[in-house]
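See below for the structure under consideration.
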Amino acid sequence: DYRGGWLKTPPLPQTGLTEEVSEWQDSKDHSDSDLQCPQHDEQAVSTAIKIVKGEKPDKLIFIGDVIDFKSVARFLDKDWDEARTTAAQEIFETNALLDRFDAATPKKCKTVFLEGNHERRLLTFFVN
């Protein structure tokens, strides 16, 4: 059942799933993706935080690309000023943004992060 960004998890079939997955049954979840901080849309993020605060989810799920990591991308835009933002600055700003989400959620809320291609940029940068 999908209502404006909220997904009510349907009951799980009895298939011997792990206890961790089973505890997600009947939880109220909120998911966001592609924030790409610090290149994020502040108005969209502020709106998402207001929704999270009002709905009080059991789980907050970030579905990849929370951080942009443009500073370590293999392909930079021609107008990108490399000196403008470092990877450390991107991490600092992303942490501050995530603190805002954390402040809007109930204490019992679990946060889940799934890796996206933008998070993968940092690993690729170090490997290459």
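Among the residues making up the stretch 96-128, a single one is under 16 Å from GLN36 (Cα atoms), of a type in the set (A, V, I, L, M, F, W, C) and open to solvent by 90 Å² or more (accessible area, probe 1.4 Å): PHE113.
I'm trying to understand the selection: among the residues of the stretch 101-128, which are in a helix (DSSP H, G or I), under 19 Å from ASP29 (Cα atoms) and touching a residue at least 12 places away in the same chain (Cβ under 8 Å)? Lay out the reasoning, then the answer.
From the stretch 101-128, those in a helix (DSSP H, G or I) are 101-104, 117-127; that's our starting set.
So of that shortlist, the ones also under 19 Å from ASP29 (Cα atoms) come out as 101-104.
If the condition is that a residue be in a helix (DSSP H, G or I), under 19 Å from ASP29 (Cα atoms) and touching a residue at least 12 places away in the same chain (Cβ under 8 Å), then PHE101, ALA104 are the ones that fit.
The values are calculated or read from the model by the stated rules, or taken from the named source; none is laboratory data. The model shown is predicted, which means the values in this text are computed figures rather than measured ones. No Cβ is skipped: glycine too gets one built from the backbone with ideal geometry, and neighbour counts run over all protein chains shown. Areas reflect the complete protein model, heavy atoms only, side chains present, ligands, DNA and RNA absent. Shrake-Rupley method; radii C 1.70, N 1.55, O 1.52, S 1.80 Å.
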